Amino acid sequence: MSVKNEKAKITDILKGLTIVIAFLVGHLYFSPMLYIAAIMTIALYAIDYKNIVALTVFFIPLARIMKYSPEAMTVLGIATIISLCVMLFNNKMRLGVTEFLICGIFLTLLLIKNMVGEFGFPFSYIRIALLLVLLPQCIDYYKKGKLTFNLQETAIMAFAGICTSSLIGIIWADDPHLASYIATEDIYYVGETIFNRFCGLSSDPNYFSSLVLFSTALQLTCLITTRRSIYMIYAVILSAIGVLTLSKMFLLLIALTWCVSIFVIMTDKSASGKELSKKSKMLFLFSVGLVMFAVYFVRSGYYDVIVSRFGDEGVSSITTGRSDIWKAYISEISTSLKTMFLGATTNAETVGSHVTHNTPLQILWKMGILGVIVVLVWYVALYIRTKRMTYVTRVNTNKKTMILLIAQILPLLALDKFFFDEFYWYYIVYLLSQISISEAIFRYEVKAHE
């Protein structure tokens, strides 16, 4: 990364921290400051709309405190929509027919389900429709040079966001002014020893761990593409933060992402002796880091906690009761053709007292089979569009970005993310990474043949 880019990213982090501090001051000392912080956020997104991806990746782990009240929608959700609209009007570009068609079908489904059930148009559904139609322009704008995206800069912003969220969670989580916004007490017992599951600024340690997982995957993707050891250090720090959540999902997926990353690095063909030396150095650093992490893990007592969590027998115990919840939702959905094809009414929150703990199942519950098809078509259409814009090189970019897809998709099987920003924005990061990496490889190959 150039010195100019380093300075720009430091400036972006400082802008983000200024807004976070403004929200903190509003929550802790002076409530009118919340309105000022909200205006600052919207102004930043409206003015710096070209940098919307990196800013959003930074703010996602902090979104819980970016609101006026615990029940209110986050300012981040509003700011991103405004920024996408500003981007659209400033560049005077028409949106694609596919996006309008998908958005139109989604709104039609929403209208039909309300006509045959209890009428209501919550803004959360409208926001999803806007994201479906507006977000794809990020891919087109980046290709035309009208959107700023750099994988390394985005990774640093993600790292800064997680660290800021963790620090605030450690210092102020017990403050009565913030308690209703962020972490609920989540305690795990091993014998007489008590372990607090770390949540950062989230109300669920599993949800926070999924954000940490994707941020770690960004660092490892940068490690794969640049061979800079600093990204391994960032990834180790994030992995340590994720372990504190005591999430089974995180432990399984972080092990998978690390293994895939090391495999990709070591199997990447290169005739350069310098490149082989870098590989050996990184493998050595990884081995030393793994040993140190294992020693800390055992001595801190977390080893006993993990063993006890994975020691449960039966599908229900292994999935922490999720399989029983899934069965209950599938049973409820299958009892009504309307619910099966159009989903439950917009004011239907849960079956029993539990959310679905599975994003595909959540979409099925909220929007029915037709809604699942709409979202799936949106995902596939964006991927196809991205592949058409990706440079053809001798290096497989899918292999280099594989862990980003793992970190974005697999947590959806254990968490409800249909209404959360990262369900959409993390996928955009993955797609832009595909194009960005292919461009860098293409330029390198062209230069090598000159």
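Which one of these does Gln362 not meet: (1) at pLDDT 85 or above; (2) in contact with a helix residue (DSSP H, G or I) (Cβ under 8 Å, 6 or more places away or on another chain); (3) in a helix (DSSP H, G or I); (4) open to solvent by less than 30 Å² (accessible area, probe 1.4 Å)?
(2)
This table checks each residue for (1) over 23 Å from Leu14 (Cα atoms); (2) open to solvent by 50 Å² or more (accessible area, probe 1.4 Å); (3) in a helix (DSSP H, G or I); (4) among the hydrophobic types (A, V, I, L, M, F, W, C).
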residue: Ala43; (1), (2), (3), (4): no, no, yes, yes
residue: Val53; (1), (2), (3), (4): no, no, yes, yes
residue: Thr56; (1), (2), (3), (4): no, no, yes, no
residue: Ala63; (1), (2), (3), (4): no, no, yes, yes
residue: Tyr68; (1), (2), (3), (4): no, yes, no, no
residue: Ser83; (1), (2), (3), (4): no, no, yes, no
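Looking at (1) among the aliphatic types (A, V, I, L, M); (2) touching a Leu at 6+ places or on another chain (Cβ under 7 Å); (3) open to solvent by 30 Å² or more (accessible area, probe 1.4 Å), find the lone condition where Met367 falls short.
Among (1) among the aliphatic types (A, V, I, L, M); (2) touching a Leu at 6+ places or on another chain (Cβ under 7 Å); (3) open to solvent by 30 Å² or more (accessible area, probe 1.4 Å), the lone unmet condition for Met367 is (3).
Anything in segment 187-222 that is modelled with pLDDT under 85 and among the aliphatic types (A, V, I, L, M)? List them, or say none.
If the condition is that a residue be modelled with pLDDT under 85 and among the aliphatic types (A, V, I, L, M), then Ile187, Val190, Ile194 are the ones that fit.
With the requirement that a residue be farther than 18 Å from Phe149 by Cβ, in contact with a Phe, Trp or Tyr (Cβ under 9 Å, 6 or more places away or on another chain), open to solvent by 50 Å² or more (accessible area, probe 1.4 Å) and modelled with pLDDT of 90 or more, what does segment 378-430 give you?
Ile409, Phe419, Phe420
Filter segment 213-253 for residues that are at positive phi and either open to solvent by 10 Å² or more (accessible area, probe 1.4 Å) or of a type in the set (Lys, Arg) (or both) and give the result.
Result: Arg227, single match.
Tell me, which helices (runs of 4 or more DSSP H) lie completely within segment 94-179 with 3 or more residues that are of a type in the set (A, V, I, L, M, F, W, C) and open to solvent by 30 Å² or more (accessible area, probe 1.4 Å)?
Hits in segment 94-179: 97-115, 123-134, 151-172.
The values are calculated or read from the model by the stated rules, or taken from the named source; none is laboratory data. Source: prediction; values computed, not measured. Note that we place each Cβ from the backbone using ideal geometry, even for glycine, and neighbour counts take in every protein chain shown. Just so you know, the surface numbers come from the protein's heavy atoms only, side chains and all, with ligands and any DNA or RNA stripped out. Shrake-Rupley method; radii C 1.70, N 1.55, O 1.52, S 1.80 Å.
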